[in-house]
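Below is one structure; the comments refer to it alone.
None of the figures in this text is laboratory data; all of them are computed from the coordinates on show. What you see is a predicted model, and the numbers here were worked out from it, not measured in a lab. Don't worry about glycine lacking a Cβ; one is built from the backbone with ideal geometry, like all the others, and counts go over all protein chains shown.
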Amino acid sequence: MQGLETGRGRSRNDYPVRAMWNSIVAGIVFQHGAVKSLRRELARNGQLQELCGFIGRVPSVWASTRFLHRVLDQASRVETIFDTLVAQLAEVLPDFGQSLALDGKAIPSFAKHRTDDTADDGRRDIDADYGKKSYRGVHKDGKPWEKIVSWFGYKLHLLVDSTYELPMAWTVTKASTADITEAPQLLKQLKMRHPLALPEATVLTADRGYDDTKFLTLCGDTYHIKPVIDIRNMWKDSDATRMLPGQTNVTYNYRGQVFCHDPVSGVERKMTNGGFEQDRNTLKKRCPAQQADGACQGHAQCPVAGRFWQSLIRDRPTIATPTPQ
């Protein structure tokens, strides 16, 4: 506010800087999508006028638009304010930044869409573009469904503290930018601006849009953060499970879960976890018959009775190797 007031100097002060800023905040709080809509609300609502700081006069559309441009010129100061608040929160909240979460949000543009004429006449948004996001799932009856949402505008990418639901890093891109493209940049931004905050992080949660091998490796190996991200189904067919190569009674699904099939009864059992072997960088999978309530009828004939080593490599089929008897 001081910077904007200094920039105004001795020029006319019909609409004070702080009153104009208050009106912008009011427009966001009351969800006005355009300056004209906010101006109509100010014209009819005397209490809102007084709260903002206007005395008998409502700013014109031109005055509001010009003030917004002046605010955008202060972007570097806004970022400094944001970083200062993050640093202060880290001092007040001892566990601030330990649990992180990632997500993106669509921001539609209310300006006219871009045309072949790219001249910046103030009536078209020449920076925005079209974005699309698809949502997929399966109904209770087993039928798959898909919903596609598209918009013209931008996308806000946020890295937040999931405990306090407060932002720690952010970027704004065109709508077509994928969430996974900006995810490494958010972690890099947090490391550069708050070098003491990122080492405190232990867990990062996100939806399956961030399921990417390079990003998972970046979280674990570079930043030592445990990524808790849902797995995408990359299988092109509708198979629920596939036979493990070289085996006759062991299957796996796209999530990497391994199943053993009783050679006699054909009963399928999920193999239990037996810990992590750091030397092999693999997970151990134990024979489910040793953990089940009833004995496996075909345990004596089972060619893989014992432990398995499950590969952690995500971009290859899950392979399990039997431990020598």
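Can you tell me the length gained on complete extension of the stretch THR248 to ARG40, counting 0.36 nm per residue apart and subtracting the Cα distance?
Numbers: separation 208, 0.36 × 208 = 74.88 nm, distance 7.29 nm.
Contour length minus the Cα-Cα distance gives 67.6 nm.
So between ARG255 and THR205, what do we pick up on full extension, going 0.36 nm a residue minus the alpha carbon distance? Write out the running numbers ahead of the final one.
Working: separation 50, 0.36 × 50 = 18.00 nm, distance 1.69 nm.
So the chain would gain 16.3 nm between ARG255 and THR205.
Under a point spin-label approximation (7 Å from Cα along Cα-to-Cβ), what is the MET1-GLU165 distance to one decimal in nm?
The answer from the label model is 2.7 nm.
Taking 8 Å as the Cα distance limit and 6 or more residues as the minimum spacing, I'd like the relative contact order of the chain as a percentage. Before the final figure, lay out each step's value.
Values: 470 pairs, mean separation 30.0, N = 325.
This gives 9 percent for the chain.
Please arrange TYR254, TYR154 by how many other C-beta atoms lie within 10 Å of their C-beta, fewest to most. Could the numbers behind the result be given before it?
Working: TYR254 16, TYR154 21.
Going from least to most buried by this count: TYR254, TYR154.
Using only the alpha carbon atoms of the range 2-73, find the Kirkwood hydrodynamic radius as the inverse mean reciprocal pair distance, in angstroms to one decimal.
Values: mean 1/r = 0.0808 Å⁻¹.
Roughly 12.4 Å, rounded to one decimal.
Longer than 18 Å from Cα to Cα, which of LYS133/LYS188; LYS133/LYS155; LYS214/LYS270 are they? Say none if no pair is.
Working: LYS133/LYS188 25 Å; LYS133/LYS155 11 Å; LYS214/LYS270 28 Å.
The answer is LYS133/LYS188; LYS214/LYS270.
Where Lys and Arg each count +1 and Asp and Glu each count -1, what net charge lies around VAL228 among other residues with Cβ under 13 Å from its Cβ?
On the way: positive: ARG208, LYS226; negative: ASP207, ASP211, ASP230.
Spelling it out: positives minus negatives among the neighbours equals -1.
Most mobile of TYR252, TYR210, TYR223 per a Gaussian network model of the chain (Cα springs, under 10 Å)?
Taking springs between Cα atoms under 10 Å, the residue moving most is TYR252.
What is the percent of Cα-Cα separations in the range 158-199 that go past 13 Å?
Here the tail beyond 13 Å accounts for 54 percent of pairs.
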